[in-house]
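The structure appears right after this line, and notes come after that.
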Amino acid sequence: MSRILDQRILLLVISFSASLQSTTVLSEWKKCGDQECETAMSRVHATTDYLGPDCQYLNFKTGEEIMVYSKLSRKNENLWIGSKGKDFGYFPKDAVKVEEVFTVEEVEVLTKETDFLCLHGDKDTYE
């Protein structure tokens, strides 16, 4: 019984470490409204339908409202990060129109690996 448990733990560790290595880092820097990236920067409306390539991206339809919390910088400056209801993810800035700006001051901070997690319900998944 102990041997089976040891094998399961080993498989779990191998699986988790393999998924960590496959996390896609889209940029090393992002701009936010505050140091913790908790303040909404703006409210935008989708000008087109958008379906992202994977679970890191926010999918939406034309006319939907999105709250923007940060913007990737230096690399992939065309990607913003925001939420629509309970959904959260990256989307191209060209697919939206800014309706209201909440903060004009932007703070540039380093991204973290957790910025690129895929969130499904209450569990985190690495892609």
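For residue 87, the test of being modelled with pLDDT under 95 and within 12 Å of the chain's Cα centre (by Cα) is passed.
With the condition kept exactly as written, say whether any residue in the stretch 54-63 is of a type in the set (A, V, I, L, M, F, W, C), open to solvent by 60 Å² or more (accessible area, probe 1.4 Å), modelled with pLDDT of 85 or more and under 18 Å from residue 92 (Cβ atoms). Checking the stretch 54-63: not a single residue is of a type in the set (A, V, I, L, M, F, W, C), open to solvent by 60 Å² or more (accessible area, probe 1.4 Å), modelled with pLDDT of 85 or more and under 18 Å from residue 92 (Cβ atoms).
One residue stands out in the stretch 90-110 among those that are acidic (Asp, Glu) and farther than 17 Å from residue 72 by Cβ: the one that is modelled with the lowest pLDDT, namely 105. Output the residues belonging to the stretch 107-116 that are acidic (Asp, Glu) and surrounded by 15 or more Cβ atoms within 10 Å (Cβ to Cβ). Scanning the stretch 107-116 gives a single hit, 115. Considering the conditions (1) farther than 19 Å from residue 24 by Cα; (2) open to solvent by 90 Å² or more (accessible area, probe 1.4 Å); (3) of a type in the set (Lys, Arg); (4) in contact with an Asp or Glu (Cβ under 9 Å, 6 or more places away or on another chain), residue 97 is excluded by exactly one of them, (4). For residue 48, only one of the following conditions fails: (1) surrounded by fewer than 15 Cβ atoms within 10 Å (Cβ to Cβ); (2) modelled with pLDDT under 95; (3) assigned to a loop (DSSP other than H, G, I, E, B). What is its number? Every listed condition holds for residue 48 apart from (2).
The values are calculated or read from the model by the stated rules, or taken from the named source; none is laboratory data. From a predicted model like this one, the values you see are computed outputs, not experimental measurements. Ideal geometry is used to build each Cβ from the backbone, glycine not excepted, and the neighbour counts take in all protein chains shown. Ligands, DNA and RNA are excluded from the accessible area calculation, which covers all protein heavy atoms including side chains. Shrake-Rupley method; radii C 1.70, N 1.55, O 1.52, S 1.80 Å.
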